[in-house]
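Presented below is the structure to which this report refers.
The values are calculated or read from the model by the stated rules, or taken from the named source; none is laboratory data. Note that the structure is a prediction, hence the values are computed from the model and not measured. Every residue, glycine among them, receives a Cβ derived from its backbone with ideal geometry; neighbour counts consider all protein chains shown.
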Amino acid sequence: MSDNNGSSPGWIDEHLNGVRYGLEATVIAEQSSPYQRVTIIDSLAYGKGLLLDGCWMTAERQERHYHEAIVHPALCGAASIERVLIVGGGDGGTARECLRHPGVQQLDLVEIDGLVVELCQQHLPSIGGSAWSDPRLRLTVGDGIAWVAAAAEASYDVVIVDGSDPAGPAEGLFNRSFFEHCRRILRPGGIFVTQSESPEAFRQVHIDIVRLLRQVFGHADPMYGWVPMYPSGWWSWTFAAVDAPRYHRPDPVRAATVSAGCEIWSPRWQRGGFEAVPASIERQLASPEFNIAEQG
Ligand code: SPD
């Protein structure tokens, strides 16, 4: 990433595998926590934004691509949505979208890095919006992996993992043991979802996540969309359930409640996102050889 903290904008880039993804912007705050470097920028194209360890996380004028996509297929599909857990999501955007559903009675948000919450509340208040003052939100600064391991069996209707890439503090959010605990704490009819990286820029990571979730939950399907500031811009979220892939069937009343206020998500957009599995990934996920080779 460029060290651009002057008064005039310069290029700020995430570098990945020989490609850089950049915005013309000014750094307005940068601090290190025990977990990572937290950077807030002000960009010409997308407004203020957040990077963690030099990787793009969110920005005011495109965060809806990500937050609407990770929330509404789960919140519209689960049998009940009274109790919802978000692991990560310290910018507040996922919480804001969850709390647009009147059926949510308690939303636990467990973010490991208090500095992310602090800087986002200070510099990016529109992303969390009214979520930060909503009495249904219970914010805990702590380890989401330990939270999930300690949570009672069948205690959440929806579990949302809004972490960063599988390196650094988010690494433990992508393994079998974590996913098994997430399955254990889901109520019958519940839905799990995690951001599952880019089918282009993180292809193998993406495939491994989908495959592992299918093994652990029984049903798991990736939904594809776009987050223009992320590597390649092409992104995915993978939804999982034990009893049935109920994330494919949005409840019409819940969908109608939120869809008029959405910029990206609608039941139709969601159908397209689940259908848009690239042919080679569909073959790879279906291949018995691939699944045997990947086990162990
Ligand atoms: N490569 C970036 C992946 C980031 C996923 N989480 C973003 C946080 C937005 N709430």
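Restricting attention to the stretch 42-68, and to residues there that are more than 11 Å from the ligand (Cβ to nearest atom) and of a type in the set (Gly, Ala, Ser), which single residue is surrounded by the most Cβ atoms within 10 Å (Cβ to Cβ)? Result: SER43.
Condition check: within 15 Å of the ligand (Cβ to nearest atom) and either more than 21 Å from TYR66 (Cα to Cα) or aromatic (Phe, Trp, Tyr) (or both). Does TRP269 satisfy that? Here the answer is no, as TRP269 does not meet what is asked. Residues in the stretch 138-168 that are at pLDDT 95 or above and assigned to a loop (DSSP other than H, G, I, E, B): GLY142, ASP143, ALA151, ALA152, GLU153, ALA154, SER155, GLY163.
Quickly run through the stretch 192-221 and pick out the residues that are among the small types (Gly, Ala, Ser) and more than 16 Å from the ligand (Cβ to nearest atom). Give the derivation first.
Looking only at the stretch 192-221, we keep the residues that are among the small types (Gly, Ala, Ser), and these are 196, 198, 201, 218, 220.
Listed by number, the residues that qualify are GLY218, ALA220.
All conditions but one from (1) under 20 Å from VAL161 (Cβ atoms); (2) buried (at least 21 other Cβ atoms within 10 Å of the Cβ); (3) more than 16 Å from the ligand (Cβ to nearest atom) apply to PRO250; the one that does not is (1). Against the test of being within 28 Å of SER80 (Cα to Cα) and either at pLDDT 95 or above or not in a loop (DSSP other than H, G, I, E, B) (or both), the options GLU263, GLU282 yield a single qualifying residue, GLU263.
Scoring VAL158 on the criteria (1) buried (at least 22 other Cβ atoms within 10 Å of the Cβ); (2) within 13 Å of the ligand (Cβ to nearest atom) leaves a single failure, condition (2). Only a single item in (1) within 30 Å of ALA256 (Cβ to Cβ); (2) away from the ligand (no atom under 12 Å from the Cβ) is not met by ARG20, and it is number (1).
Table: residues versus (1) touching a residue at least 60 places away in the same chain (Cβ under 8 Å); (2) in a helix (DSSP H, G or I).
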site: ILE41; (1), (2): no, no
site: LEU50; (1), (2): yes, no
site: ILE70; (1), (2): yes, yes
site: VAL84; (1), (2): yes, no
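Determine, yes or no, whether ALA260 is within 16 Å of HIS67 (Cα to Cα), of a type in the set (A, V, I, L, M) and surrounded by fewer than 20 Cβ atoms within 10 Å (Cβ to Cβ). Answer is yes for this residue.
Restricting attention to the stretch 230-247 and to residues that are buried (at least 24 other Cβ atoms within 10 Å of the Cβ) and not in a strand (DSSP E or B), the residue that is nearest to the ligand (Cβ to nearest atom) turns out to be TYR230. Looking across the stretch 52-68, just one residue is assigned to a loop (DSSP other than H, G, I, E, B) and of a type in the set (Lys, Arg), and that is ARG61.
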